[in-house]
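Here is the structure we will look at, set down as structure tokens.
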Amino acid sequence: MESIVLTAQIRTAVKNQIKPLRKNRKVPGVLYGHDIPSRNIVVDAVEFGKVYKKAGASNLIDLKLGEESLKVLVKDYQLHPLKTIFTHFDLYQVRMDEELEAEAKVVTVGEAPAVKGLGGILVKNMPTLTIRCLPGNLVGELTVDISSLSEFGQSIHVKDIAVPAGVEILGNPQDVVVTIAAPRSEEEITAASGAVVEDVTQVKVAADEKKKAEEAAAAAEAEAKK
């Protein structure tokens, strides 16, 4: 993957001085790390949007801060409640010789015979997995081959996922990542309509937040093309 570069400057503006920065299409942020003093920084809003669209939260960014060149990850961000723009961000400065934890997206590949031939339903229980590795081994995605799922009830567990050298998946190895469910009859759907199968509130909030961030990144990219 090509290097993702973000240029920043040290920020001296605080509190009531932040608003003028945003009016000038700048985004204030904080840079910190393990045993590394935090620093207030500022970046161009359009550039940050383009960088976040490429890097997300799981890919290393080359931060150019004056004469320094640092490896960082986007750890957090804030969005305007009404507009699709970033208002603040946190960058985590990594040490290349120190392991870190990050979220990797689960991506299914192949075609499950139980879905194609039997009409089964592919259920994705874990859209992301937490991994631990050195920064140089960081991956944004983990692929799961579902072509072996030929019967209802068959599953792929955490322990079944092949990972690159130097990468460890955290959590219970027996956790089900994807499984095949039998198609449900109309009677079963009706009977279950009033039951709470899963509390999806937090999942929906996270999905909405991610969508807003992607929209903000896309808006920044569109602004850059003007």
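Going by a ≥ b ≥ c, the root eigenvalues of the Cα gyration tensor, does segment 100-182 fall in the rounded group (a/c under 1.5), the prolate group (a/b larger than b/c) or the oblate group?
prolate
Which pairs, out of 26/83; 53/105; 26/71; 50/124; 105/159; 23/54, put more than 19 Å between their alpha-carbon atoms?
Details: 26/83 15 Å; 53/105 15 Å; 26/71 21 Å; 50/124 29 Å; 105/159 16 Å; 23/54 25 Å.
Pairs exceeding the cut-off: 26/71; 50/124; 23/54.
Starting from 0.36 nm per residue, how many nanometres of slack lie between residue 160 and residue 7 once their C-alpha separation is accounted for?
So the extension gain works out to 51.1 nm.
Excluding residue 160 itself, what net charge comes from residues whose Cβ is under 12 Å from its Cβ, given Lys and Arg +1 and Asp and Glu -1?
Local net charge: -1.
Given a Förster distance of 35 Å, report the FRET efficiency between residue 143 and residue 68 from their Cβ-Cβ distance, rounded to the nearest 0.05. Working shown, then result.
Numbers: r = 35 Å, r/R0 = 1.00.
So the FRET efficiency works out to roughly 0.50.
At 7 Å along Cα-to-Cβ for each site, give me the label-to-label distance between residue 150 and residue 134 in nm.
It works out to 4.1 nm between the two label points.
Read-outs throughout are calculated quantities, based only on the coordinates presented, and are distinct from any laboratory measurement. This structure is a prediction, so every number in the text was calculated from the model and none was measured. Every residue, glycine among them, receives a Cβ derived from its backbone with ideal geometry; neighbour counts consider all protein chains shown.
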